[in-house]
Amino acid sequence: MAGCAKKEAPKYAKPSETIQETAVSEQQLELLKTVTHASIMVFTKNWDEDAEDDGLAVYITLKDANDETVKFRGVSLPVEIEIYTKEYESGKPVKGRFVYKGTATITSWKDGNFLLSGGIRIPFEDIKTTEADPE
């Protein structure tokens, strides 16, 4: 037997000048009004055939006042991502040198769930670090 699996195009963060507006149902707007904060996780990830990690996967989860995931769908939310190196002052971590800026879109709560293959991909070659930057 043979079969086909539908693969979705990966979501990459990239510079963008325009954000498309999407018709959003009243129900989804009311749901999004319950968002009070976000949780962000970042992992290195391999998304091609070789064994090496290709970049960062950023998972953004919108949360309500009870710290529960707000399960929205069918809404295009623009996300601006900035990455800085981490430096230390007096033993405490602080924002270091700016190394990346990009824009992406999340369209569902599933985009923030690493178990559901969500996430925004940022290739390592787009992050402008130097040999002198801390790891």
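Rule-based calculations on the coordinates, nothing more; no lab input. The shown structure was predicted, so the numbers you read here are calculated from the model rather than taken from an experiment. Quick reminder, even Gly has a Cβ in these numbers, built from the backbone with ideal geometry, and neighbours come from all protein chains shown.
Each label was represented as a point 7 Å from its Cα along the Cα-to-Cβ direction; for His37 and Ser76 these points are 3.1 nm apart. For segment 26-126, lysine pairs with C-alpha atoms less than 15 angstrom apart, excluding pairs fewer than eight positions apart on the same chain, total 6.
Cβ-Cβ distance of Glu68 and Thr107, R₀ of 25 Å, FRET efficiency by 1/(1 + (r/R0)^6): the value works out to about 0.80.
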